[in-house]
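Q: Please read through the structure below; I'll follow up with questions.
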Amino acid sequence: MKHLFLFFSLFISINSFSQSDCEEDFYIPNSFTANNDTRNDVWHPVTCKTWEKYELKVYNCWGECVWNTYDVKDCWMGEGLKEENYYNNNNVFHYILIASNEDKTIEKKGVVYLMR
């Protein structure tokens, strides 16, 4: 299913993910709302595969790491590294994901839109 949103005069396409999409290593959503309405409140790459090593870092527009994890199940809720530091309104963040298993190592880079 595809949804279109207008964001800073740009159209953003959001696709839904199902278990049948597991041919890819990761499905990485390009946006989330994080507005506590219980829908689309967190962001994380989705995978059906097992990864021995996993690292995900999120950066702000100044190149500062604002969130990171080594657990594939962790979700970003739009908060910064300090607990009191939540990002508000509409922001664009960059991410770098590195994952490896005995078959391969992958690195993915992209952007995620935080819309509130």
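The values are calculated or read from the model by the stated rules, or taken from the named source; none is laboratory data. Values in this document were obtained by computation on a predicted structure and should not be read as measured data. Cβ atoms come from the backbone with ideal geometry, glycine included; neighbour counts cover every protein chain shown.
Q: How about the stretch 22-53: which of its residues are of a type in the set (S, T, Y) and part of a loop (DSSP other than H, G, I, E, B)? So that I can check it myself, show each step before the final result.
A: Let us first name the residues in the stretch 22-53 that are of a type in the set (S, T, Y), namely 27, 31, 33, 38, 47, 50.
Across the stretch 22-53, the qualifying residues are T33, T38, T47, T50.
Q: Residues of the stretch 16-39 being at pLDDT 85 or above, surrounded by 10 or more Cβ atoms within 10 Å (Cβ to Cβ) and either within 18 Å of I96 (Cβ to Cβ) or of a type in the set (K, R) (or both), which ones?
A: Residues satisfying the conditions are D25, F26, Y27, I28, P29, N30, S31, F32.
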